[in-house]
Amino acid sequence: MERKQIWIDTDLSVGMKRTHREGYCDVDDGYAVWQLMNAPDIKILGISAVFGNTSIDNAFMLSQYMADNFSNYHIPVFKGAGSGIVLGNVETNDGVEAMAAALQKQKLTIMAIGPATNVGILLLKHPHLASQIEEVVLVAGRRKPTDYFKIGNKGNHARDLNFDLDNFAFQIMF
């Protein structure tokens, strides 16, 4: 069976204190990364950490921990953006450059499960690589500014943090 080649871009934050409000971060990215690491039809070529639910340092540390402890093969991990894109001063990072190097070798699917900042920077700094991206799978989106994710049946709502933290990244992609 041929394995689908993917790159994961994540704000992994399992168990970390939230940066935007009290409490601790959710486990959704952790479950997604773990599932992808164990999927027989998926080959993860790299993971780039991005800020989001937690700081870039926490996301990077947790991404390294998961790659080292839960994958049955070596997955390189790179530190990506620590904040949203500033259009007048777009700076690259190790995560973006590693993703670009992987795309120069082959086409990839990018699983952008945090803010899409690293993908936006990639497209700004390396526009010639856009055709190497087979698809970008996003965990974000809403139809209007007043839409929220509904949590459970008690009327709790969550904002679209991945989208809200870097609107420019989504505008660049689309």
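Would you call Ser48 surrounded by fewer than 18 Cβ atoms within 10 Å (Cβ to Cβ) and modelled with pLDDT of 95 or more? Step through it out loud before you land on a result.
Numbers: surrounded by fewer than 18 Cβ atoms within 10 Å (Cβ to Cβ): no; modelled with pLDDT of 95 or more: yes.
Here the answer is no, as Ser48 does not meet what is asked.
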All but one of (1) part of a loop (DSSP other than H, G, I, E, B); (2) under 19 Å from Leu138 (Cα atoms) hold for Gly95, so report the exception by its number.
-> (1)
The residue that is nearest to Gln5 (Cα to Cα), considering only those in the stretch 25-74 that are out of contact with any Ser or Thr (no Cβ under 6 Å at 6 or more places or on another chain) and of a type in the set (D, E, K, R), is Lys43
What are the pairs, 6+ residues apart or on separate chains, where a residue within the stretch 48-67 that is on the phi > 0 side of the Ramachandran plot has its Cβ under 8 Å from a residue that is acidic (Asp, Glu)?
-> Gly52/Asp11
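Mind checking which residues of the stretch 74-85 are touching a residue at least 12 places away in the same chain (Cβ under 8 Å) and either aromatic (Phe, Trp, Tyr) or out of contact with any Pro (no Cβ under 9 Å at 6 or more places or on another chain) (or both)? Please lay out each step first, then the result.
Taking the stretch 74-85 first, the residues touching a residue at least 12 places away in the same chain (Cβ under 8 Å) are 75-85.
Within the stretch 74-85, Ile75, Pro76, Val77, Phe78, Lys79, Gly80, Gly82, Ser83, Ile85 meet the criteria.
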Some residue of the stretch 60-75 being within 20 Å of Leu165 (Cβ to Cβ), out of contact with any strand residue (DSSP E or B) (no Cβ under 6 Å at 6 or more places or on another chain) and assigned to a loop (DSSP other than H, G, I, E, B) | no
Selected residue (only one of Ala100, Ala140, Ala67 is surrounded by 12 or more Cβ atoms within 10 Å (Cβ to Cβ), modelled with pLDDT of 95 or more and under 17 Å from Ser13 (Cα atoms)) | Ala67
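The values are calculated or read from the model by the stated rules, or taken from the named source; none is laboratory data. The model shown is predicted, which means the values in this text are computed figures rather than measured ones. As a convention, Cβ positions derive from the backbone with ideal geometry for all residues, glycine included, and neighbour counts pool all protein chains shown.
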